[in-house]
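Presented below is the structure to which this report refers.
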Amino acid sequence: MVPALSMYYADPEGNGVEIQVDAFGDWDKSKEWMWASREFAENAIGEFFDPDKLVAAREKGLSKDEIHQAARGGDYRPEKIPEDILLPEVY
């Protein structure tokens, strides 16, 4: 589990934009997981995913939790990871 599923874009002026969907549904649980989770400490960014693959999974009837877990496991990786992504800085 991770706190969110996020997509990053550059707007027409080159600013980074993040679109995020909460995965926990509870901010206290999310904060605790980020603080205490070895998984988060080892990989705060998570997995890259192809949005079309997530849509296809949903159309097959998978739940949001099933899709989120599979995305975290790398099941929806894109064929090629973009080289020019605007990710937030990891502190």
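Beyond a 29 Å Cα-Cα separation, which of these cross-linked pairs lie in this structure: Lys31/Lys64; Lys31/Lys60; Lys29/Lys80? Table pairs above 29 Å Cα-Cα are Lys31/Lys60; Lys29/Lys80. Taking the helices alone, the chain has a mean residue ellipticity at 222 nm of -10000 deg cm²/dmol, built from -39,500 (n - 2.57) per DSSP H run of at least 4 residues and averaged over all its residues.
With contacts taken as Cα pairs under 8 Å and at least 6 residues apart, the stretch 1-87 reaches a relative contact order of 31 percent.
Each of the peptides 26-33, 50-57 was scored by the mean count of other Cβ atoms within 10 Å over its residues; in descending order, highest first, they stand as 50-57, 26-33. Remark: the Cα gyration tensor places the stretch 1-62 in the oblate category, a/c being 1.5 or greater and a/b not exceeding b/c. For the chain, modelled as a GNM whose springs connect Cα atoms under 10 angstrom apart, the maximal fluctuation among Ile67, Ile19, Ile45 occurs at Ile19.
None of the figures in this text is laboratory data; all of them are computed from the coordinates on show. Quick caveat, the model's predicted, so the values are computed rather than measured. Here the Cβ is made from the backbone with ideal geometry for all residues, glycine too, and neighbour counts use every protein chain on show.
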